[in-house]
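Chemist: Here's a structure for you.
Readers should treat all values here as calculations from the given coordinates under stated rules, not as data from a laboratory. Predicted model, so just to flag it, every value in this text is computed and none were measured. Cβ sites come from the backbone with ideal geometry, for glycine too, and all protein chains shown count toward neighbours.
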Amino acid sequence: SRGVVEALRGLYANFIVQEFIGEAEGADLRCFVVGDTVVAAMRRQAAEGDFRSNLHLGGTAAVAEATELEREVAVRSAHALGLAVAGVDLIRSKRGPLVLEVNSTPGLEGVEGVCGVDVAGAIVQHLEQSVRRWAG
C-alpha cells in the first residue's frame, strides 16, 4: 500500500517492491540452469503461514517437471544476466511462468538431494566443454 511505501521512503534506504501473486499459494519452482539446459527442477512449498518457500525457512521440496516454456524462461533469464550456472525461481501463474529471482550462486545440496541429479557433475562437464571450445 501507499502508506508502506511512504514509511520505507522515510528510511532513506533502497528497497524493491514486488507484486504478491496469491495464486502461487506459497509455492515456487526452482530451475537449475547449466549452460543451455535446465538440469533439475524442484517445487518448493512454503511452511504453513508463510509465503516464502525457502527450505532453510521450513519449506519443503519435491521433484518437479518444468514445462518447455518454464525451461525456456529459466535459461533465457540466466543468459540475460550473463550466467552459465544459475538457480532460477519461477512462480506458476495464470499469466504463465513469472521470474521471482535469479541466483548466481545457488546451493547444490537441496536440489541434488531432492532431485537425485548430480548438478555439480553437470557444472564440471559444462566447464570442460567450454574450455575445449575456447582452447580450440
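Chemist: Could you tally the net charge around Leu100, taking each other residue with its Cβ under 9 Å from the Cβ of Leu100, Lys/Arg +1 and Asp/Glu -1?
Modeler: Once all neighbours under 9 Å are counted, the net charge is -3.
Chemist: Which of the peptides 2-15, 111-124, 78-91, 30-43 is most tightly packed, and how do the rest follow, going by the mean number of other Cβ atoms within 10 Å of each residue?
Modeler: Top of the packing list down: 30-43, 78-91, 111-124, 2-15.
Chemist: Which semi-axes, in whole Å and largest first, does the equivalent ellipsoid of the chain have when worked out from the alpha carbon gyration tensor as the square roots of 5 times its eigenvalues?
Modeler: Gyration-tensor ellipsoid for the chain: 30, 19, 14 Å.
Chemist: Measure nothing but the geometry: give the 0 to 90° angle between the long axis through the Cα atoms of 119-135 and the longest principal axis through the Cα atoms of the chain, rounded to 10°.
Modeler: Around 60 degrees separate the two axes.
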